[in-house]
Amino acid sequence: LPKLINANFPTNPERMSVFGHSMGGHGALILALKNPGKYKSVSAFAPICNPMQCQWGKKALGGYLGSDVSKWEAYDATQLVKSYPDSHLDILIDQGKDDQFLSAGQLLPDNFIAACTERKIPVVFRLQQASCSHRPPCWVDAV
């Protein structure tokens with residue numbers, strides 16, 4: 001997809017970024033962390049950050065990848081960032097304070113931020129106003 005975009009739009013391949021919301025935010029984090037040097041930044045809006053440590057994530061990873069937990073690590077941003085080879089990735093996580101999945105312990109941004117801090121990878125974490133839930137209208141202004 002990046003080749004197609006670069007061929008048809010006035011882009012700067014040296015400054016590519018990726019972003020997504022919810023599972024797309026999880027995907028954006030995974031894509032950026034699995035491709036060091038390819039993306040200048042990654043922005044994730046209400047992403048699931050540590051699926052190996054939450055009920056929903058365990059169910060999804062087990063359903064897609066089977067019961068071998070070692071295979072799950074390749075799809076868990078918190079695990080991937082622990083072995084990210086450098087600190088040259090700008091990361092933004094934008095999270096709604098009233099997100100029902102945050103309060104239910106399903107998103108776990110604190111785990112991801114702690115892993116980034118340990119690796120000295122900077123993360124900008126923005127907690128949006130109390131009325132901001134998991135729904136996309138909360139993210140229109142941020143995008």
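Defining a contact as two alpha carbons under 8 Å apart and six or more residues distant in sequence, what relative contact order in percent does the chain show?
Relative contact order of the chain: 23 percent.
Quick query: amide H of Gly96 versus all other amide H atoms, modeled in the peptide plane; which residues come in under 5 Å with a sequence gap of 5 or more or a different chain?
Close amide H contacts, sequence-distant or interchain: Ala46, Gln128.
Mind jotting down the distance between the C-alpha centroids of the range 63-99 and the range 26-45, whole Å?
10
For Leu31, Leu80, Leu1, Leu108, what ranking results if the residue with the fewest other Cβ atoms within 10 Å of its Cβ goes first?
Leu1, Leu31, Leu80, Leu108
Under the 0.36 nm per residue contour assumption, what length would be gained going from the current alpha-carbon distance of Ser103 and Ala74 to full extension?
Extra length available between Ser103 and Ala74 comes to 7.9 nm.
Can you list the lysines whose alpha carbon sits under 20 Å from that of Lys34, skipping same-chain ones fewer than 8 residues off?
Output for Lys34: Lys3, Lys71, Lys82, Lys120.
Along Cα→Cβ, 7 Å out, is where each label goes; now give me the distance between the ones at Lys59 and Met16 in nm to one decimal.
3.4
Within a Cβ distance under 15 Å of Pro2, other residues only, what is the Lys/Arg minus Asp/Glu net charge?
+4
Would you list Arg119, Arg15 from fewest to most Cβ contacts within 10 Å?
Ascending Cβ contact count within 10 Å gives the list Arg15, Arg119.
In a shell of Cβ-Cβ distance under 13 Å around Glu14, excluding Glu14 itself, what net charge do Lys and Arg (+1) and Asp and Glu (-1) give?
+3
Net charge around Leu89, counting only other residues with Cβ within less than 13 Å of its Cβ (Lys, Arg = +1; Asp, Glu = -1)?
+4
By count of other Cβ within 10 Å, fewest leading, how are Asp86, Asp99, Asp94 ordered?
Asp86, Asp99, Asp94
Helix-derived [θ] at 222 nm for the chain: sum -39500 (n - 2.57) over DSSP H runs of at least 4, divide by residue count, nearest 500?
So the helix-based figure for the chain works out to -9500 deg cm²/dmol.
Under 5 Å between amide hydrogens, which residues at least 5 positions from His21 or on another chain qualify, with H placed 1.01 Å from N in the peptide plane?
Phe45
Bear in mind these aren't lab numbers, they're just calculated from the coordinates by the rules spelled out. If you're wondering where the values come from, they're calculated on a predicted model, not measured in any experiment. Note: ideal-geometry Cβ built from the backbone for every residue, glycine included; neighbour counts use all protein chains shown.
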